[in-house]
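One structure is given below, encoded as structure tokens.
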Amino acid sequence: MHKCIFRIQILLFFLINTVISQNLNLKKEIESKDSLITINQQYKNNITLYFEAGMCLSKFQNINSKYGYGYSAGITIANKLTKSIAFNYLVILSKQNILYKNHVSSWRDDNYVYRQFFDVNISVLFVELPVMINYKFWNTNSSSFYVSFGVGYSISIRNDYRKSNFRNTNEVLGTVFEIPIPENDKFIDDSIFDNSGYNINTGIQFKYKKIFLKFLYINKRYKLRYIDKEYTFLFNFGYQLR
């Protein structure tokens with residue numbers, strides 16, 4: 001009789017211990033899932049998506065050129081790291097135009113080659129990919145002001161040009177036997193992707209509720225069309241999508 005009771009007690013002990021262990025494991029799994037859900041939710045809360053569009057002004061940095069007007073449109077993904085600092089990832093389609101003045105070329109008349117000047121309207125369509133560190137300079141309940149800087153890459157997907165305002169001179173460069181082919185504008189023979197390269201950028205942004213105004217400066221660190229380095233000012237209005 002006592003042996004039977006003892007065996008029942010042992011059996012009950014193992015059953016109770018098994019149930020407790022299962023409950024603890026289930027509780028840990030639930031807590032683990034809750035923790036992952038919380039982390040995932042916090043990550044989503046730190047991601048903000050914006051749409052933006054506007055205009056841009058472009059010019060060469062060192063040679064004779066004039067600002068050309070263009071347009072820009074794209075999205076910004078902001079990943080908030082702290083209350084004041086965030087990483088911004090931009091994808092912007094930007095049509096950038098420059099008026100290049102007094103390009104030196106040549107023209108031929110009879111047996112002589114003469115110097116010639118003309119202007120070139122340069123137009124390049126870029127996909128701009130800046131990565132920015134964004135710092136919240138000040139903040140109120142409904143508005144905030146940001147400053148940012150970073151690096152990026154400009155991908156050229158189309159380039160065009162148009163020559164105008166030809167000015168022939170009487171300066172003789174040589175005979176047609178010395179210069180069989182006029183110099184013309186050889187710089188236009190580059191391929192589309194030759195106009196791609198790295199840039200540095202900085203900007204400021206004012207935000208009111210879900211609407212913002214952004215000024216972005218892009219400084220290309222390579223020669224566009226083998227002529228000169230370019231810089232661009234982007235003026236974009238945007239709206240927070242999420």
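Checking the stated criteria, residue 81 turns out to be modelled with pLDDT of 60 or more, farther than 21 Å from residue 128 by Cα and over 18 Å from the mean Cα position of the chain (by Cα). For the stretch 79-108, filtering for residues that are more than 17 Å from residue 166 (Cβ to Cβ), open to solvent by less than 50 Å² (accessible area, probe 1.4 Å) and outside any loop (DSSP other than H, G, I, E, B) leaves 9. Looking across the stretch 109-165, the residues that are within 30 Å of residue 81 (Cβ to Cβ), of a type in the set (A, V, I, L, M) and surrounded by fewer than 19 Cβ atoms within 10 Å (Cβ to Cβ) come down to 127, 129, 131, 133, 147, 151, 155. Would you be able to say whether some residue in the stretch 187-199 is modelled with pLDDT of 90 or more and open to solvent by 20 Å² or more (accessible area, probe 1.4 Å)? Yes, the conditions are met somewhere in the stretch 187-199.
The values are calculated or read from the model by the stated rules, or taken from the named source; none is laboratory data. Worth saying up front: this structure is predicted, and the values here are computed from it rather than measured. For neighbour counting, all protein chains shown are included, and Cβ atoms are generated from backbone atoms with ideal geometry for every residue, glycine included. Ligands, DNA and RNA are stripped out before the accessible areas are found, and what is left, the full protein with its side chains, is counted by its heavy atoms. Shrake-Rupley method; radii C 1.70, N 1.55, O 1.52, S 1.80 Å.
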